[in-house]
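Asks: Structure in structure tokens, see below.
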Amino acid sequence: MKRWNLPTFDKRIFIFFCAIFCLLLSITTLLTTSNPYSKRLIVSDGMGYYLYLPSAFIHHDLTMEWTQPLQKEDHYPDPYHEWYGLTTFRKGAYLDKYPIGLAILWLPFFIAAHILTILTGHPATGFTTWYQIAIGFAGAFYTSLGCVMIYKLLRQYFSVKVSYFTVLTLLLGTNMLEYATQGSSFTHVYSLFLIATTLYLTPKWYKNMTYRTSILLAVLLALNVVVRPTNILILIVFLLWNVTNLTQLRQRIVLLWQHRIKLALMAGIGLIVCFPQLLYWKYITGKWLFYSYGNAGFTNILHPQIINILFSTNRGVFFWAPALLLSLIGLVLLRRHLKEWSTSIYIFLPIWLWLMASWVSWPFGDSYGHRAFIDIFPLLGLALATVYSRAKSPTAKNTLLIIAGLCIFANLFLTYQYWILGLPSHGTTIQIYIRVWRLGLKSILTQGFTFGFLGLIGLVSITLGPLTHYFLVAKERTH
């Protein structure tokens, strides 16, 4: 029987992971200790994702009736008459509309927090200090892993420097930083990790369909679905990878049929991973499959808000993360320079975008930028890296470096404004946007190094500066 050898230790990847993890954990610590509004990380939608853990392991009550005292204490206004996603389904039982996937990913961190809580004599309620810290650790951990997996995906096609600067642009030039720290109880950075790892393994699976890779992919694909059900669309990319014409499509169908036993095994493993969710629905609703979001859904399916979701001052992705505009150029170049990914991405993106723009609340509630796009950053990273890799002359490289640098500076500035409540979480107009810049820049000029934004720049420089130098002088290696 063939041995399953462990991956070899990669010093570069380890340093990469540690640097990003330290940065994210440092920011999370500063936010939760200096900002009275950010003491809790388990908030908003994150509470709904999290409730499964104290229900199962502390209160032993999946009906979640134990939350009634909390609901009475917390006058949480919600237009859907919910308490963090909980609605009364039947007498003596609440239904949690949020899927169970995040609770599965959080489980090791929750167990560690529970043990530390008991050992240090804190109340083991599921919401005290150690539990909040655990979610901060989880957000930093999975985001760092996600960045590593994007880097490893890109290294299959691009140089060390291109791969590194692409990840750096996504981390610092978009809202990923917010949802890896203060917003770590939302699903998005976890989806990013799962999708990045799925994409990394996809070419390897088609080149060598081992049982080991098949099992890993089955677990990843299933986790994608139970973390965020719309992630099921990533199957499009997985199934159509390296399919560029009808002949190859027919060959792919034949190939998959030839490996139907492996596919059946993958389906079975996926079902096992999804079983906790199915069991919960069966226990609460009496049905194995259930749509838990009630009247909320893709109500704008015939009138998707595509222009708004892309360009609106109120959370439009390109308005709030202009660095991603470079990925649009990259998408055009994919057909020529990254052909094996082009067809699947060209099919996936319009369907995914249509669905996101059709959601009942296209801005996805209060947020910094449009948080749904974080999930597909691994795909946009392929396009962005394609643009970076085409810059051959010093002029082109310097131009891209200046553009990316300005985008990163702008994003860090606005992220900081969001953290100190200088930037509203919804309803931003161009007038508000300009005022935030005017007042923020005035604070830098008048308060100098006492202004917290410069502290953020310093923290990023201290943690990622040496890493950037390390990657700049790194020699290319085979991968």
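Asks: Whole angstrom only: what separates the Cα centroid of the range 103-126 from the Cα centroid of the range 320-390?
Replies: Cα centres, the range 103-126 to the range 320-390: 37 Å.
Asks: Convert 20 °C to kelvin, take the viscosity as 1.002 mPa s, use the Kirkwood radius over C-alpha pairs of the range 96-227 as Rh, and evaluate the Stokes-Einstein diffusion coefficient in µm²/s, rounded to a whole number.
Replies: Working: Rh = 16.2 Å.
Roughly 132 µm²/s, to the nearest whole number.
Asks: Continuing with the same structure: According to the Cα gyration tensor, what semi-axes, each the square root of 5 times an eigenvalue, does the equivalent ellipsoid of the range 182-249 have, listed from largest to smallest in whole Å?
Replies: Details: eigenvalues 119, 40, 18 Å².
Those come to 24, 14, 9 Å.
Asks: Also, quick follow-up: In Å, what Kirkwood hydrodynamic radius results for the range 219-300 from the alpha-carbon pair distances?
Replies: After inverting the mean inverse Cα-Cα distance, the result is 15.0 Å.
Asks: Among the listed pairs K97/K161; K97/K152; K11/K204, which are separated by more than 31 Å between their Cα atoms? Walk me through the numbers on the way to the answer.
Replies: On the way: K97/K161 43 Å; K97/K152 35 Å; K11/K204 22 Å.
Cα-Cα > 31 Å for K97/K161; K97/K152; rest within.
Asks: Report the Cα-based extents of the chain along its three principal axes, largest first, to the nearest Å.
Replies: Principal-axis extents of the chain (Cα, largest first): 69, 66, 51 Å.
Asks: Going by C-beta contacts inside 10 Å, put S443, S191 in order with the fewest on the left.
Replies: Values: S443 18, S191 27.
Going from least to most buried by this count: S443, S191.
Asks: How would you classify the range 317-449 from its alpha-carbon gyration tensor, with a ≥ b ≥ c the square roots of the eigenvalues: rounded for a/c under 1.5, else prolate if a/b is greater than b/c, otherwise oblate? Walk me through the intermediate numbers first.
Replies: Numbers: a/c = 3.31, a/b = 1.34, b/c = 2.48.
Verdict is oblate for the range 317-449.
Asks: Return the distance in nm (one decimal) between the two label points of a simple spin-label model at V360 and L421, each offset 7 Å from Cα along Cα→Cβ.
Replies: 2.8
Asks: While we're on this one: What do you get for trypsin sites (Lys or Arg not before Pro) in the range 223-312 restricted to DSSP loop and a cutoff of at most 14 other Cβ within 10 Å of the site's Cβ? List each step's numbers first, then the result.
Replies: Working: sites: R250, R252, R260, K262, K282, K287; in loops: K287.
Within the range 223-312, the qualifying trypsin sites (Lys or Arg not before Pro) (loop, at most 14 other Cβ atoms within 10 Å) are K287.
Asks: Further, regarding this structure: Taking the dipole about the Cα centre of the range 59-189, with the C-beta of Lys and Arg at +1 and of Asp and Glu at -1, give me whichever of V162, W130, L70 is farthest to the positive side.
Replies: Projecting each Cα onto the dipole axis, the largest value belongs to V162.
Asks: Shifting gears a bit: For a quick check: sort L459, L414, L353 by the number of other beta carbons within 10 angstrom, fewest at the front. Working shown, then result.
Replies: Working: L459 15, L414 23, L353 18.
Arranged by neighbour count, lowest to highest, L459, L414, L353 become L459, L353, L414.
No lab work stands behind these numbers, since they all come straight from the coordinates. Model, not experiment: these values are computed from the prediction. Heads up, the Cβs are rebuilt from the backbone with ideal geometry, glycines too, and the neighbour counts pull from every protein chain shown.
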